[in-house]
1. Considering only segment 1-55, state which residues are closer than 26 Å to residue 65 by Cα, among the β-branched types (Val, Ile, Thr) and touching a residue at least 24 places away in the same chain (Cβ under 8 Å).
2. Take residue 81 and tell me if it is under 24 Å from residue 28 (Cβ atoms) and at pLDDT 90 or above.
3. Looking only at segment 51-60, which residues are part of a loop (DSSP other than H, G, I, E, B) and over 12 Å from the mean Cα position of the chain (by Cα)?
Amino acid sequence: MISRRHVIGYFQLTGEEWPDLWDMVDRVREHLHEKFSSDGFNVGSNENMAAGQTTFHFYLHIIPRYEGDVEDPTGWVRNVITGKGKYG
């Protein structure tokens, strides 16, 4: 069962909702891998403004990645977006 109730972030989900969420993530990952032959994935969510959340309902990114899609894939998804990575 996937909840349809509004929550702002992951940490507002209940313990009963987590297993279904991660089951869905695994099914989406399998589908993306089969359809697009991805080499890896970024999976995550921004929680609160300090972490970059701009839409205040829970969502989870499942991003297929490929060897060589960016020069340096470390630093999570910000480095996929030109000019957004390499903080400091």
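1. Once the filter is applied, which keeps residues that are closer than 26 Å to residue 65 by Cα, among the β-branched types (Val, Ile, Thr) and touching a residue at least 24 places away in the same chain (Cβ under 8 Å), segment 1-55 yields 25, 28.
2. Judged against the criteria, residue 81 is not a match.
3. First, pick out the residues of segment 51-60 that are part of a loop (DSSP other than H, G, I, E, B): 52-60.
The answer is 52, 53, 54, 55, 56, 57.
Here is a yes/no grid of residues against (1) modelled with pLDDT of 90 or more; (2) part of a helix (DSSP H, G or I); (3) surrounded by fewer than 12 Cβ atoms within 10 Å (Cβ to Cβ); (4) aromatic (Phe, Trp, Tyr):
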| residue | (1), (2), (3), (4) |
| --- | --- |
| 5 | no, no, yes, no |
| 24 | yes, yes, no, no |
| 62 | yes, no, no, no |
| 74 | no, no, yes, no |
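The values are calculated or read from the model by the stated rules, or taken from the named source; none is laboratory data. The structure displayed is predicted, hence computed values, not measured ones. So basically every Cβ, Gly included, is an ideal-geometry build from the backbone, and we count neighbours across all protein chains shown.
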